[in-house]
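Worksheet for the structure shown next.
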Amino acid sequence: MRLEHCDLVVIGGGPAGSTLAGLVKLYAPGRRVLLLEKATGPRHHVGESLLPGMVPVLQELGVFEKIDAAGFPRKIGANYQWGMSGKVWENDFNDINVSEMLARGGLPPRIEYSWQVRRSKYDEILLRRAEELGVEVVRGAVAEAPLEGPDGRIVGVRARRGGEILEARANLTADCGGQSGFLSRFRRVRDYNAGIKNVAGYAYWRGAKWKYEYSGHPDKTKIFICSVPDGWLWYIPIDQGVVSIGLVTGVERLKTEGGDLRALYDRAIAGCAEIAPLLTAASVVADFDGTGESFFSQSDWSYLSAASSGPGWLAAGDAAVFVDPILSSGVTLAHLSAHRAAYTALADWGEPSPETRRLLWEDYGRSCRESAAQFLALALFWYGQDRHAPNWWRKASEVQRAWLPAQMGDQTAFITVSAGLTRYYERALSAARLLEAGVPDPQEYPFYVSVLGRDKALESRAGAAPARTARPRLLFARAVETVFLPRPGEGRLQPVLRVRFLKSGSSDPVADAANPRLIVTRWHLAFLDGLEHGPDYAAALAAAAAAGAPEWWLKGPADWFVRELSLHGVLVFDSERPAEASR
Ligand SMILES: Cc1cc2nc3c(=O)[nH]c(=O)nc-3n(C[C@H](O)[C@H](O)[C@H](O)COP(=O)(O)OP(=O)(O)OC[C@H]3O[C@@H](n4cnc5c(N)ncnc54)[C@H](O)[C@@H]3O)c2cc1C
């Protein structure tokens, strides 16, 4: 038996595992990190259409250039043929001008595209990057059982590699084993969503025409999603010669149709007026990626985890959460959760206070659930009965407004979701200047209302400062939480206070996905108390002043805060008319 001692042992070398292990080594080169991957070499995997929202993580890992140069078709948007009209909903990532939004938050400009990838190649690039950073990757090692200490704490993992048993003892054990959820299953923390129980059948086609090819840019395309009577089809060029085509259908539907997924797949494609003509000269690849298979199936049940960590362990990526692929969110969530996991582990190791360590892990779990919940809320709506595209976009707007304190256009909101911009508001806020002072700089406030630079209507809607005699009224209960914002590029987390308005009164992040969350200081909280209990706006300012808010804050940012609350729909002015009348 081989015995190893390390700081972190990671199970699984997919996007989550490589990201977590690589970032820990990047920021703590002295730590020993072991990664166990059951495959012996590059392995096939579903999940090929990526979102620009994950690009900053790749940049931080130092692997962006390599991936960009690997020849994967660039993805510049997501088009859907869905809903009543039969018309295609066109969504271009470029339309949301993310770079401008980030620049306003003090972050460097970013890339407005992602890629559609052959996963065996993509995942291998990431795993090699982790190795370059000093992660010890053991290929062909299958984790078989967690090791438990006498108090139930996970203290490592037992794995098998060929005939050899490997026991890796670690301060922290990370489950990045994908849907098989090595530890999360062991801990029984998975909550399946009864609303979406699907199954996918897919194959790879050689010689298929691209649905979207941009003249002059043979490497640019989009994912195409098409509703069919049996469910929906994805159409994803993953390299110049090969297109991935999959059918997603309900488990119940498959049963009533006789249980033959391949037959259903063939029928769906043959009957699809958008896709069938693209395949006239195409054929299914017989032995894709050396699997020996030409047709694949995969269960596709959405789940969140009641806990994404526990004593001695954490889960990231699919091991923690999984949302139906309708929005292509899986790999993005894997990178983002692993990024947060790495930052949390690093913070935990340097943190003397047990209470802060508890808060760190609590926030890690919340962060995993909340980012997945945004996609899940939309996916649930998608599979609902409402087939009017505008209602879909409105739902996206509702969900995004919880994070982006801006009343962006509904379709713009939808594009931000399809680009994977879930928690950019908080990432952008982690810009050093905002946090170092412990309070947002008033000059940064326009950022809140014009995060999406082209949505000019925002500025006018934000309007003038409210009259200070007005009586603002908060509409919803609120909860204050300590959360941690990543300081990208530093491997550190910054504790901040967050106020959450409980529109639905539920603490469940799925039902709660549309509830506004704002990063605040103690002055903001005193100000909110003043709004709740004082006779008017002036009383709220007095409460903030009593709590130590300086003059400049009371003069400028307080007004912006009030506007921001009204943009979020959590505050109304009861006495707007009397205040106007008194002028
Ligand atoms: C039908 C379908 C379509 C999808 N389409 C998309 C899409 O278009 N875009 C998108 O972003 N996402 C998509 N996804 C989701 C995507 O596949 C996953 O979210 C993503 O692969 C998660 O990455 P991960 O690193 O968490 O896990 P994985 O990529 O699954 O990696 C886990 C790794 O752990 C290894 N492993 C597992 N168990 C053990 C063990 N016991 N010991 C050692 N190693 C182990 C595995 O070999 C694997 O390499 C789709 C998913 C499904 C089901």
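The values are calculated or read from the model by the stated rules, or taken from the named source; none is laboratory data. As the structure is a computational prediction, the values presented were derived from the model and not from experiment. Every residue, glycine as well, gets a Cβ built from its backbone with ideal geometry; the counts of neighbours run over all protein chains shown.
Below is a table of values for the structure above.
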| item | result |
| --- | --- |
| Residue list for the stretch 182-223, filter: within 16 Å of the ligand (Cβ to nearest atom) and more than 22 Å from GLY246 (Cβ to Cβ) | PHE182, LEU183, SER184, ARG185, PHE186, ARG187, VAL189, ARG190 |
| Residue selected from the stretch 527-550 under the condition crowded, with 21+ Cβ neighbours inside 10 Å and under 34 Å from the mean Cα position of the chain (by Cα), by the criterion modelled with the lowest pLDDT | LEU531 |
| ALA342 vs. criteria within 16 Å of the ligand (Cβ to nearest atom), touching a Cys at 6+ places or on another chain (Cβ under 9 Å) and closer than 29 Å to PHE375 by Cα | no |
| Matching option when the condition is farther than 18 Å from SER418 by Cα and at pLDDT 85 or above, among TYR113, TYR122, TYR80 | TYR122 |
| Among the residues listed as GLY231, GLY250, the single one being surrounded by fewer than 18 Cβ atoms within 10 Å (Cβ to Cβ), under 25 Å from HIS45 (Cβ atoms) and of a type outside the set (D, E, K, R) | GLY250 |
| Positions within the stretch 484-521 being part of a strand (DSSP E or B) and more than 22 Å from GLU398 (Cα to Cα), in sequence order | PHE484, LEU485, PRO486, ARG487, ARG492, LEU493, GLN494, PRO495, VAL496, LEU497 |
| Options ALA282, ALA316, ALA334; residue that is touching a strand residue (DSSP E or B) at 6+ places or on another chain (Cβ under 9 Å), in the same structural domain as ASP123 (by TED's automatic domain parsing) and in contact (Cβ under 8 Å) with a residue 12 or more places away in the chain | ALA316 |
| Inter-residue pairs, beta-carbon under 7 Å, first closer than 29 Å to GLU60 by Cβ and in the stretch 133-152, second away from the ligand (no atom under 14 Å from the Cβ), 6+ apart | LEU133/LYS25; LEU133/LEU26; GLY134/LYS25; GLY134/PRO29; VAL135/LYS25; VAL135/VAL33; GLU136/VAL33; VAL137/GLU131 |
| Wholly enclosed helices (runs of 4 or more DSSP H) of the stretch 1-100 bearing at least 3 residues over 30 Å from ASP287 (Cα atoms), more than 16 Å from the ligand (Cβ to nearest atom) and in contact (Cβ under 8 Å) with a residue 24 or more places away in the chain | 15-27 |
| Any chance ASP348 is outside the structural domain of VAL155 (by TED's automatic domain parsing), among the acidic types (Asp, Glu) and farther than 14 Å from CYS176 by Cα | no |
